[in-house]
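A.B. asks: Pasting a structure below so you can have a look.
No lab work stands behind these numbers, since they all come straight from the coordinates. Because the structure is predicted, anything quoted here is derived from the model rather than measured. Cβ placement follows ideal geometry from the backbone for every residue including glycine, while neighbour counts extend to all protein chains displayed.
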Amino acid sequence: MGLMDGKKGIIFGIANERSYAFFIAKQLIEQGAELGFTFLPIGKMEHRVRKAAQTLGIDEPWMVECDANDDASLDRVFDRWQADHGRLDFVVHSIAFADKDYLKPDMFHKTPRQTFLSAIDTSAYTLLAMAQRALPLMTDGGAIVNMSYYGGEKVTPGYNVMGIAKACLEHTTRYLAYELGRPGRDVRVNCISAGPFKTLAGAGVGGMDDMIKYQEMASSMKRANTGEEVGDAAVYLLSDLSSGVTGETIHVDCGFSIVGVPEKPTGEG
Ligand SMILES: NC(=O)c1ccc[n+]([C@@H]2O[C@H](COP(=O)([O-])OP(=O)(O)OC[C@H]3O[C@@H](n4cnc5c(N)ncnc54)[C@H](O)[C@@H]3O)[C@@H](O)[C@H]2O)c1
């Protein structure tokens, strides 16, 4: 018996088999969830998402295109879901975007207005936009999970405007959790703050290799987290195991975020 048996939800944010959303989907499927997917309507995304779903063992995936910056596009996703499935139990928000020209050290202070606003729009407001549309379909209550990074709490050179967007996303999580948690709505909203990971979006952040090496050196567990570990945390937050948890940001970073000043590496165990 799986923790997600009988639960159905939409995964926003698979770009390929390296995406955090892919690992979340993998672990949800292992626990019995039924999934639908969206793809950004650019380039080969539809093909890539279909291929990723097939790697997950779904030959005919439920897939709808979605540009989350476009309200009409989001409406179409949730309308289609309602028509095809009726009830919705969970949503995974695993999307982000910022102009990579400004994701480099010493570039934050040069960020133009439009770059700043567009990072917050795609990476934070879209959580609210999805929650608005999910709520009427979550007739038996539900759960929403999104993805953040430590650069939303502390300055991480190169993460820049994306750090601002993550701070906004994490606080949007709390305000949404407060309003959606009340009896009759029963929708929980939580965030996973994951360690650096080499994905398409990750590659856009300057110094990603160094960020991963730094986590391996400075974290409590002296290693990088895996995608599956992030997926398992999502299973917890989307399943009834976490029925009393909402508005939280859970770090899945091998204990990186609890360390202030790391020891100097000695090369000894
Ligand atoms: N990779 C990391 O180091 C890392 C660390 C912590 C948190 N995160 C977060 O994890 C989430 C997933 O990113 P990832 O690293 O798996 O990269 P990814 O490139 O695999 O996924 C990013 C996704 O965002 C989607 N997207 C971008 N703009 C969109 C839009 N307008 N509408 C709909 N979809 C859009 C892309 O299509 C893609 O599927 C993001 O929120 C990211 O900030 C990543």
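A.B. asks: Could you list the GluC sites (Glu not before Pro) in segment 186-269 that lie in coil according to DSSP, counting only those with at most 10 other Cβ atoms within 10 Å of their Cβ?
C.D. replies: Answer by residue number: E263, E268.
A.B. asks: Follow-up. For K198 and E179, compute 0.36 nm times the residue count separating them, minus their Cα-Cα distance, and round to one decimal in nm.
C.D. replies: Here the segment from K198 to E179 would lengthen by 3.4 nm.
A.B. asks: Cα-Cα over 31 Å: which of K7/K222; K166/K222; K44/K100?
C.D. replies: K7/K222, as the Cα separations exceed 31 Å there.
A.B. asks: Within the set of other residues whose C-beta is less than 14 Å from the C-beta of A15, count the net charge using Lys and Arg as +1 and Asp and Glu as -1.
C.D. replies: Cβ neighbours under 14 Å give a net charge of +2.
A.B. asks: By how many degrees, between 0 and 90 and to the nearest 10, does the Cα long axis of helix 227-238 differ from the longest principal axis of the chain?
C.D. replies: 50
A.B. asks: Multiplying the sequence separation of S243 and Q82 by 0.36 nm and subtracting their Cα-Cα distance, what value in nm do you get?
C.D. replies: 55.5 nm
A.B. asks: Please determine, in degrees from 0 to 90 and to the nearest 10, the orientation of helix 208-218 with respect to the longest principal axis defined by the Cα atoms of the chain, where the helix direction is its Cα long axis.
C.D. replies: Taking Cα atoms only, the helix is inclined about 70 degrees.
A.B. asks: Principal axis lengths of the chain from Cα atoms, whole Å, largest first?
C.D. replies: Principal-axis extents of the chain (Cα, largest first): 56, 43, 38 Å.
A.B. asks: Mind checking the dipole of segment 8-252: about its Cα centre, +1 per Lys or Arg Cβ, -1 per Asp or Glu Cβ, Debye to the nearest 20?
C.D. replies: Roughly 500 debye, rounded to the nearest 20.
A.B. asks: What 222 nm value per residue comes from the helices of the chain, counting each DSSP H run with n ≥ 4 as -39,500 (n - 2.57) and dividing by all residues, nearest 500 deg cm²/dmol?
C.D. replies: Estimated from H runs of four or more residues: -11500 deg cm²/dmol.
A.B. asks: Here's a follow-up. So which trypsin sites (Lys or Arg not before Pro) in segment 168-220 end up in coil per DSSP with only 13 or fewer other C-beta atoms within 10 Å?
C.D. replies: Answer by residue number: R185, K198.
A.B. asks: Cross-link candidates for K8: which lysines have Cα within less than 19 Å, leaving aside residues fewer than 8 places away along the same chain?
C.D. replies: Counting by Cα, and skipping residues close in sequence, K8 has these lysines nearby: K26.
A.B. asks: Put a dot 7 Å past each Cα toward the Cβ at E46 and E65; how far apart are the dots in nm?
C.D. replies: 0.6
A.B. asks: In the Gaussian network model of the chain, springs joining C-alpha atoms below 10 Å, which of G207, G244, G86 carries the largest mean-square fluctuation?
C.D. replies: G244
A.B. asks: Tilt of helix 20-30 relative to the longest C-alpha principal axis of the chain, in degrees (0 to 90, nearest 10)?
C.D. replies: The angle comes out at about 50 degrees.
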